[in-house]
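Working notes for the structure below.
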Amino acid sequence: MTQTGEAAEVRAALLNLRRTSGLPIAFGGLLEDNRQFRIGELSGARSTALRGLVVATGNGLGGKSLALTRPVAVSDYQASRAISHEYDAAVAMEGLGAVLAVPVVVRRRVRGVLYGAVREPLNLGDRTLSAAVEAARELEQALAIRDAAQRLLASRPVATGDAGHPLGAAAWEEVREAYGALRALAPRVADPDLQEQILTVCGRLAAAASPDVRTAGAGADRLGPPGEPDPRVPAQRVRLAPRELDVLSCVAAGVTNATAAERLGLRPETVKGYLRSAMRKLGAHTRLEAVVAARRVGLLP
């Protein structure tokens, strides 16, 4: 997972926090280790006083949120007796009054802290705090997606061994499951570089199903997955839109249209439309025929 990609997710979360909460300034950062985090991103700030500030567990408002693993807020940062004041100089330079801090928790582990603030003392209401919590939750989901994508990229199966040996049925199922998981993750990744990596890997996995790959190698009678037609007929050139391929990969995994819609963030009616379009392009009359046809021409593994 690239640090620049993570920074982009944090920036998006801060913009979202300001938009939904109405707070004029938001800032935050991700943990460098289990004891501290660095404020690396600012949105709406008038100075750079807070940028690069290293916040230790228990110190200040953010350190308290990190230690307690829950949101905390103060109506007047400088005058508050509920927090320690190691960072008052930076807070004063930015001119902050009321401040809230929300931890970002992924798989029960705190990954960072988001702050929102105004430049005068006041009590931040429940709606403001709820909006900040929701922004943190969306960042948690984005980081979880990045983590899952990176795990799949790191452990992606290879369609054929270095020596050109065919895969067995179980290995082909692993290829297909990994492909489906990656296709479902790709549209939800904000980082364009990571999304491109994911789709490139998807292309490599799908290429394992193409006739040229399957019939490569001397002495290989059959390189396609067991139980499917021998693909030694020239593949027709079929082009599916990315979303059509996303839907078809879900169908290949045996899920319903409703489940596919949930995975891809689409409406069930939209999923049906993409599926009908893919079936038409593939000359298929049923969902199963569409999957088999897509595999035969190398669009699915």
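Points to keep in mind about this one:
- For Leu182, the conditions (1) assigned to a helix (DSSP H, G or I); (2) surrounded by 18 or more Cβ atoms within 10 Å (Cβ to Cβ); (3) under 30 Å from the mean Cα position of the chain (by Cα); (4) modelled with pLDDT under 80 all hold with the exception of (4).
- Test: residue in the range 61-81 that is assigned to a loop (DSSP other than H, G, I, E, B), among the β-branched types (Val, Ile, Thr), out of contact with any strand residue (DSSP E or B) (no Cβ under 6 Å at 6 or more places or on another chain) and in contact (Cβ under 8 Å) with a residue 12 or more places away in the chain: no
- Among residues of the range 271-283 that are surrounded by 20 or more Cβ atoms within 10 Å (Cβ to Cβ), none has a Cβ under 6 angstrom from a residue that is among the basic types (Lys, Arg) and at pLDDT 95 or above at a sequence gap of 6+ or on a separate chain.
- In summary, Ala92 fulfils each of the numbered conditions (1) without any contact (Cβ under 8 Å) to a residue 24 or more places away in the chain; (2) of a type in the set (A, V, I, L, M); (3) touching a Gly at 6+ places or on another chain (Cβ under 8 Å) with the single exception of condition (3).
- Residue among Leu100, Leu143, Leu129, Leu122 that is touching an Asp or Glu at 6+ places or on another chain (Cβ under 9 Å) and under 18 Å from Leu23 (Cα atoms): Leu122
- Out of Ala49, Ala13, Ala8, sole residue that is closer than 20 Å to Ala135 by Cβ, in contact with a helix residue (DSSP H, G or I) (Cβ under 7 Å, 6 or more places away or on another chain) and either in a strand (DSSP E or B) or assigned by TED's automatic domain parsing to the domain that holds Glu120 (or both): Ala13
- Of residues in the range 107-120 being more than 19 Å from Ser47 (Cα to Cα) and in contact (Cβ under 8 Å) with a residue 12 or more places away in the chain, the one surrounded by the most Cβ atoms within 10 Å (Cβ to Cβ): Gly112
- Options Arg222, Arg204, Arg232: the member that is within 30 Å of Ala7 (Cα to Cα) and at pLDDT below 80: Arg204
- Residues that are surrounded by fewer than 22 Cβ atoms within 10 Å (Cβ to Cβ) and part of a loop (DSSP other than H, G, I, E, B) within the range 16-38 comprise Gly22, Pro24, Glu32, Asp33, Asn34, Arg35, listed in sequence order.
The values are calculated or read from the model by the stated rules, or taken from the named source; none is laboratory data. Small disclaimer: the values here were computed from a predicted structure and weren't measured. Counting neighbours? That spans all protein chains shown, and the Cβs are built from the backbone with ideal geometry, glycine included.
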